[in-house]
Amino acid sequence: MRKTADKNRKLAEKKSQPDKLAEKKSPPDKLGEKKKSNPDKLAENKSQDEKLSETRYRAEKLDLNRIASRTQGFTGADLTHLTQAAGLRAIRRALAEKQDLKSMTIRTQDFLDEIDRCKPSPAAVAMAEVLANWSA
């Protein structure tokens, strides 16, 4: 009996103590309340964006409709692979033409040339067939 009384007393003590996790939680933001912005932080972020834009590669006006019509059934991972492959093709072309990489552009033809090598995932094709049969 004494053991159960000690256990009950310990449980009561634990319940009466405030929860340590509850103390550490910060109060939730009020809806509609705007957070204050730090102008120095904004200026720093702008300068970082300017640095990034200097090193980004350009893409000429891509014919996205033509690319999209040839990428039916591609998943996000497949499109990522295609984009990386097209970028590498553009780099190889720029190096072959002894062109500066900073002035290099990715062309629609780079994508179209790589589409044949970058096939859609088999699981995505199978899922598309199942969905087409299911909806019919």
Quiz item: Residues in segment 78-123 that are part of a helix (DSSP H, G or I), hydrophobic (A, V, I, L, M, F, W, C) and surrounded by 15 or more Cβ atoms within 10 Å (Cβ to Cβ): how many?
Solution: 9
Exercise. Could you please tell me which pairs satisfy a Cβ distance under 6 Å, a separation of 6+ or placement on different chains, a first residue in segment 87-107 that is farther than 17 Å from Leu62 by Cα, and a second residue that is open to solvent by less than 60 Å² (accessible area, probe 1.4 Å) and of a type in the set (Gly, Ala, Ser)?
Key: Leu101/Ala94
Quiz item: Mind checking which residues of segment 67-77 are surrounded by 12 or more Cβ atoms within 10 Å (Cβ to Cβ) and farther than 13 Å from Glu114 by Cβ?
Solution: Gly73, Thr75
Exercise. Check segment 111-121 and report whether any residue there is closer than 23 Å to Thr71 by Cα, at pLDDT below 90 and polar (S, T, N, Q).
Key: yes
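The values are calculated or read from the model by the stated rules, or taken from the named source; none is laboratory data. Please read all numbers here as calculations on a predicted model, not as lab measurements. No Cβ is skipped: glycine too gets one built from the backbone with ideal geometry, and neighbour counts run over all protein chains shown. SASA here: full protein model, heavy atoms, side chains in, ligands and nucleic acids out. Shrake-Rupley method; radii C 1.70, N 1.55, O 1.52, S 1.80 Å.
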